[in-house]
Amino acid sequence: MFIARATTASSSTLRAAPSRAAFRSHSTRSTRLPSSSSWGRVAIGAAGALAVTYGLTRNAQTIRLEETKAPFEPSTPETRRAPDDKYLTLEEVAKHNLSQDAWVILNGNVYDLTSFHKYHPGGAAVIVQHAGQDVSSIFNPLHPPGTIENNLAPEAFKGKVDPKTAAKAAAAQDAEKARVKAVREALPPVETILGLDEFQDVASQIMVGKKGEYYHGGALDGISNAENKSSFRRCRLIPRVMRDVSVIAPQTTIFGVPSALPIYISPASNALLGHPEGELNLTRGAAKTGIVQGISFVSSFPLTDILEEKEKVEEIIGGKMGMVFQVYVRQEREKTARQVKEAIEGGCQALLLTVDSNTGDFRQSVEKMKGTTGSAEPGRKMKPFNEFTHNVHDPRLNWNDLVWLKELAGDVPIYLKGVSSIEDVRIAKEHGMKGCILSNHGGRQLDRARTGFDSLRSIHAEDPKLSSQIELYVDGGVRRGSDVLMAVALGAKGVGLGRSFLYAQAAYGEKGTIRAVRILESEIITAMQLMGVTKLDELKPEMVDCLRAL
Ligand SMILES: Cc1cc2nc3c(=O)[nH]c(=O)nc-3n(C[C@H](O)[C@H](O)[C@H](O)COP(=O)(O)O)c2cc1C
């Protein structure tokens, strides 16, 4: 598994081709590790990341993050003893099935590959795809003995599973694969999908249990998540009549890039959970329909694979596609810098700095399904969530950090994603930000945070000219063309959609992505005609009547 990469819709089809990701220096296609030390260096880098631990110290008022780096030690049979010599259950391992929490069983041993998979020479996708599962049958034929022992830090070893249960695990995995295959074969044709919400119904047949909940869920009570949709539904449009609407032009620019429609694919992690081609479906779909794709900082496919796909699809369409890169500022700044540079070199045209995630989210429903337990000590966060978020989110992030990011970005514009207050929009403008995305992160971060659309309404009411001084975008709850028009009428340059595209690709891959855009395109054009406008700038704030005061 360490050098194989799934390349087709069949998760069992693997080829031994190193991804462009790193390891470009190795032309080998063999299943043996390169003799040069660079494989080990990168693996050790990854292992080093595993060895970074963060402890929470609760003072009277503050939580302080302490960083303690443990030195890397190669694992040995002695260091690989199961903690407490206890067996881990298959159910326990199966809970760790996300890119930010990825364990695998290999020959009866359980390894945590969360920090490693991004450095996997064969791509992260194959690891994430099999997270929570027994990978022995695909790993063993491709890797020489000692691969694990020589390249992972001891901390990655979590324990052993009872060998007697291994056969049971393999049978359960096969049964799930067979179930998904049967469901996919029986799906209604993509042409029968007429509205975006139908993609969720279809995808939820494929993504049962916590996989489905991971896409669907919001933080805590899910109040912001639910309000995202309803905030659009509280408002009404006031059409103008008797105007020639025979020619409609819904084109615009999104993040400075020409776009066929005032919509874009909002960056979202773990597309692979729903479909083996994950983000690549979105890349192809966005390019072929002329909209911009936002790439998540923690996407399930490594950035290099996505950029490779971008190049391929650009050859097919005979031009450049729109792609922007979302940034989380990690505690390890140099890792953030590396990814930002890679994105810019790969042709990403803008950076979306997510600013609503200075600590992790907590989705109770998902954690419940995983069986996560809290701690007896009051105030301690749940463990799996904690481990991931400390690595990815830096709670020290503040306005001064924009100097560092602007330097990295050079000419590439930066937009802040996850802004709610007019004051923050104004400060962003002062700091030279090109725009702000008004968003509550799909209701996945601060529950009860105001919806992006309500923020837009409020900003427009307070300072109607602000949207002509700094670009404003909205995401969260957009499901219909009329939602898009309301946002544009109130000053948004465009809107982002997260879940709708995740579900569309989960259900139908690339075809689903294209279908989702076509559905929205048709709804936008029809609504523009019925509103009596031919171009987006003819949409005016007085055409929106919000029934409920903010
Ligand atoms: C499963 C999932 C994963 C997400 N991952 C990210 C992410 O990695 N980075 C980010 O900035 N936003 C992320 N988001 C938030 C989206 O970019 C967007 O703000 C949100 O989905 C918009 O709401 P909608 O799903 O109703 O369209 C994620 C959303 C979902 C549903």
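What the Cβ-Cβ distance of Val180 and Lys535 gives, at R0 = 25 Å and to the nearest 0.05, is a FRET efficiency of 0.05.
Between Lys335 and Glu314, the C-beta separation translates, for a Förster distance of 45 Å, into a calculated FRET efficiency of about 0.95. Distance between the 7 Å Cα→Cβ label points at Leu237 and Lys368: 3.8 nm. Structure note, pairs Lys229/Lys535; Lys86/Lys210; Lys177/Lys229; Lys368/Lys511; Lys229/Lys540: Cα-Cα distances above 28 angstrom occur for Lys177/Lys229; Lys368/Lys511. Placing a pseudo-label 7 Å from each Cα along the Cα-to-Cβ vector at Leu187 and Thr89 gives an inter-label distance of 3.3 nm.
Here the Karplus relation 6.51 cos²θ - 1.76 cosθ + 1.60, evaluated at θ = phi - 60°, turns the backbone of segment 510-518 into coupling constants of 4, 4, x, 4, 5, 4, 4, 5, 5 Hz, with x for every Gly and Pro.
Classify segment 200-336 from the C-alpha gyration tensor, please: rounded if a/c falls under 1.5, else prolate or oblate depending on whether a/b exceeds b/c. The partial results should precede the final answer.
Values: a/c = 1.75, a/b = 1.15, b/c = 1.53.
Taking the square roots of the gyration eigenvalues as a ≥ b ≥ c, segment 200-336 is oblate.
Between Asn150 and Ala461, the modelled labels are 6.6 nm apart [label points 7 Å from Cα along Cα→Cβ].
Residues of segment 514-548 falling in the label zone of Asp244, defined by backbone nitrogen less than 13 Å from a point 7 Å along Cα to beta-carbon, are 534.
Applying the Karplus relation 6.51 cos²θ - 1.76 cosθ + 1.60 with θ = phi - 60° to segment 88-101 yields 3J(HN,Hα) values of 8, 7, 4, 4, 4, 5, 4, 5, 9, 10, 10, 4, 8, 7 Hz, where x marks Gly and Pro. Between Ile427 and Arg448, the FRET efficiency from the beta-carbon distance, with R0 = 30 Å, is close to 0.85. Karplus-based coupling profile of segment 495-509, in residue order and whole Hz: 10, x, 10, x, 4, 4, 6, 4, 5, 4, 6, 4, 6, 10, x, with θ = phi - 60° in 6.51 cos²θ - 1.76 cosθ + 1.60 and x standing for Gly or Pro. For segment 210-290, just run the numbers: alpha carbon Rg, then divide by 2.2 N^0.38 Å, N being how many residues it has. Ratio of Rg to 2.2 N^0.38 Å for segment 210-290: 1.51.
The heavy atoms of Lys511 offer some 140 square angstrom of accessible surface to a 1.4 angstrom probe.
The values are calculated or read from the model by the stated rules, or taken from the named source; none is laboratory data. Since this is a predicted model, take the numbers as computed values, not measurements. With ideal geometry, Cβ positions are generated from the backbone for all residues, glycine too; neighbour counts draw on all protein chains shown. To get the accessible areas, we keep the full protein, side chains included, count just its heavy atoms, and leave off ligands, DNA and RNA. Shrake-Rupley method; radii C 1.70, N 1.55, O 1.52, S 1.80 Å.
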